[in-house]
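The structure under discussion appears below in the form of C-alpha cells.
What follows draws every value from the coordinates through simple rules; no lab data is involved. Just so it is clear, the model here is predicted, and its values are computed rather than measured.
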Amino acid sequence: MANINVQVKREEALKRLQILKEMGMSYTPAIKCFKNGEDIGIFENQGVMKAVYYQVYLNTGDGGFYDNLKKAIEEFEAEEEAVVYLVLVTHTVVGTLCHMFHVSDNEDEWEMDREDLKQGYAFVYGYNMEAPILSECGDIAFKMDSRCGGPYAA
C-alpha cells in the first residue's frame, strides 16, 4: 500500500462528491458536512421513498444503528487505510447493507474510480449490519433520486 496522507484522500473524496453533485446529488449538506469534517452523508433506501441522514459521527452512545455504523466505518478505514465519504443504506433479505463509498490508498485507481462514478458505478465496501461475516468489497450500481436529492443503490 502507498500509505497516502489522509488529507490528500479527503481532497480526492471531495472531488468525487463534486462528481455526484454534478450527477444530481442536490442535497448539499451531505457534501458540506464531510467538507467541514463533521459527518458523512448517509442516503437510506426505504423502498419507494429514500430518506437522507448525515449523522454517522453523531455518537449517540446507545449502541444502536449509528454507533454500530460509526464503528464499522472506523474499522474499515483503519484496516484498509481508506477514507469513507458517503454511505448508502439498503434493507435487504440478507440484512441491512451499508455501502461505504471510499477513497482507497491506491492512487493509481483514483482516475478510474472517478470515471466509474460518472457512469453510475462505485467500488464500495458493503458492510452487512446483521451478518458482518457477509461483508465484502465490490462494485455497485447506483442512481440519483430527485425526491431525496441523492444516490441510492440500483
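Of note:
- Legend: helices of the chain (whole DSSP H runs) are marked when their alpha-carbon atoms reach 30 angstrom or more along the helix axis and their mean Kyte-Doolittle hydropathy is at least 1.6; nothing is marked.
- Straight-distance crosslink candidates among lysines, where the alpha carbon sits under 22 Å from Lys9 and sequence neighbours closer than 8 are dropped: Lys21, Lys32, Lys35, Lys70, Lys71, Lys118
- Potential extension, Glu75-Asn36 segment - 0.36 nm per residue separation minus Cα distance: 11.9 nm
- Alpha-carbon Rg/Rh ratio, for the chain, with Rh computed the Kirkwood way: 0.93
- Computed extension length for Lys143-Ala131: 1.8 nm, one decimal, from 0.36 nm per residue of separation with the Cα-Cα distance subtracted.
- Semi-axis lengths, largest first, of the ellipsoid equivalent to segment 63-154 are 20, 18, 11 Å, with √(5λ) applied to each eigenvalue of the Cα gyration tensor.
- Beta bridges assigned by DSSP with both partners in the chain are antiparallel in approximately 85 percent of cases.
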